[in-house]
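Input: a single structure, listed below in structure tokens.
The values are calculated or read from the model by the stated rules, or taken from the named source; none is laboratory data. This one's a predicted model, so the numbers in the text were calculated from it and none came from an experiment. Every residue, glycine as well, gets a Cβ built from its backbone with ideal geometry; the counts of neighbours run over all protein chains shown. With ligands, DNA and RNA removed, areas are computed over all heavy atoms of the protein, side chains included. Shrake-Rupley method; radii C 1.70, N 1.55, O 1.52, S 1.80 Å.
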Amino acid sequence: MNRKVGTFLLTFFCFLMWLYFALYHSSIDNWWTVNEIKQTSLDTTQIGVSIVKVLIGTVLFTFSGIIIYLLIRNRE
């Protein structure tokens, strides 16, 4: 049970770090960002969060956590 909790906490912490950096410390040009251009005019640009990219990141981190847990569990 401790391995499952540890794997969950590690994966969740890594997910939160990715989400923070993808929201606040990335530009539109980065491949790992979740920001997207919503609307553009001549003098302003409106940037928003892409829900699809957030869901893809959530699924990837969930699957990576499951794989890490299975690898640790099979070791014993």
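One table, with the values for the structure above:
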{"read-out": "Whole-Hz couplings from phi, Karplus 6.51/-1.76/1.60, listed for the stretch 33-40; x for Gly and Pro", "value": "7, 10, 7, 9, 7, 8, 8, 10"}
{"read-out": "The stretch 1-73, accessible surface, carbon-and-sulfur percent (1.4 angstrom probe)", "value": "71 percent"}
{"read-out": "Helix 51-75 axis, angle to the chain major axis (alpha carbon atoms, nearest 10°)", "value": "20 degrees"}
{"read-out": "Selection from Leu71, Leu55, Asn30, by position along the positive dipole direction of the chain (Cβ)", "value": "Leu71"}
{"read-out": "Probe 1.4 Å, protein heavy atoms only - accessible area per residue of the stretch 11-76 in square angstrom", "value": "80 Å²"}
{"read-out": "Ranked by how many other beta carbons lie within 10 Å on average, peptides 27-40, 53-66 from highest", "value": "53-66, 27-40"}
{"read-out": "Length-normalised contact order for the chain - Cα pairs under 8 Å, 6+ apart - percent", "value": "31 percent"}
{"read-out": "Cα centre as origin, Lys/Arg/Asp/Glu Cβ charges: the chain dipole, Debye", "value": "480 debye"}
